[in-house]
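Asks: Handing you this structure, nothing more for now.
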Amino acid sequence: MLIKKLSLLLLAAVLCLYAACGKEMIKPKPDVIDKYISEHPDLPVTDKDCLEDGRFEIGMLQETLVFLLGEPKTKETVKQPWAMQEKWTYQRKGEKVFVIEDKHVVGILEKN
């Protein structure tokens, strides 16, 4: 009985985490992930977590985004008062736009 309750609690936690993130799960094969991580020993913890979980989030490197999603459908350069940014658009279950600044994801916009 306890195991069943713990299993249900774990499932609920995973579903809540997925819903809270609101991000599509992209999961390369484990051997591909391991190879990528071993080839990038200085990869930030955020990126390693995203790779292992098959997700993306603000703060990850643009290089990791390309590894997970491939090249974007379009790239647009936007001059902001504080920096140059790029908007990378992907078409996956709706449109997702990643705002890139200084080689990091600083924003994620979703259009369904």
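The values are calculated or read from the model by the stated rules, or taken from the named source; none is laboratory data. Bear in mind that the values here come from a model prediction, so they are computed numbers and not experimental data. Cβ coordinates were reconstructed from backbone atoms using ideal geometry, including for glycine residues, and neighbour counts include every protein chain displayed.
Asks: What are the residues in the range 29-46 that are surrounded by 14 or more Cβ atoms within 10 Å (Cβ to Cβ) and hydroxyl-bearing (S, T, Y), if any?
Replies: Within the range 29-46, Y36, T46 qualify.
Asks: Would you confirm whether or not the range 38-52 contains a residue that is at pLDDT 85 or above and in a strand (DSSP E or B)?
Replies: So far as the range 38-52 goes, no, none of its residues is at pLDDT 85 or above and in a strand (DSSP E or B).
Asks: In this structure, is K87 surrounded by 12 or more Cβ atoms within 10 Å (Cβ to Cβ), touching a Phe, Trp or Tyr at 6+ places or on another chain (Cβ under 6 Å), part of a strand (DSSP E or B) and not aromatic (F, W, Y)?
Replies: Here the answer is no, as K87 does not meet what is asked.
Asks: May I pose another question? Residue check: is I58 closer than 23 Å to I33 by Cα and in a strand (DSSP E or B)?
Replies: Answer is no for this residue.
Asks: Going by the structure shown, is V66 β-branched (V, I, T) and farther than 15 Å from K27 by Cα?
Replies: When the stated conditions are applied, V66 does not pass them.
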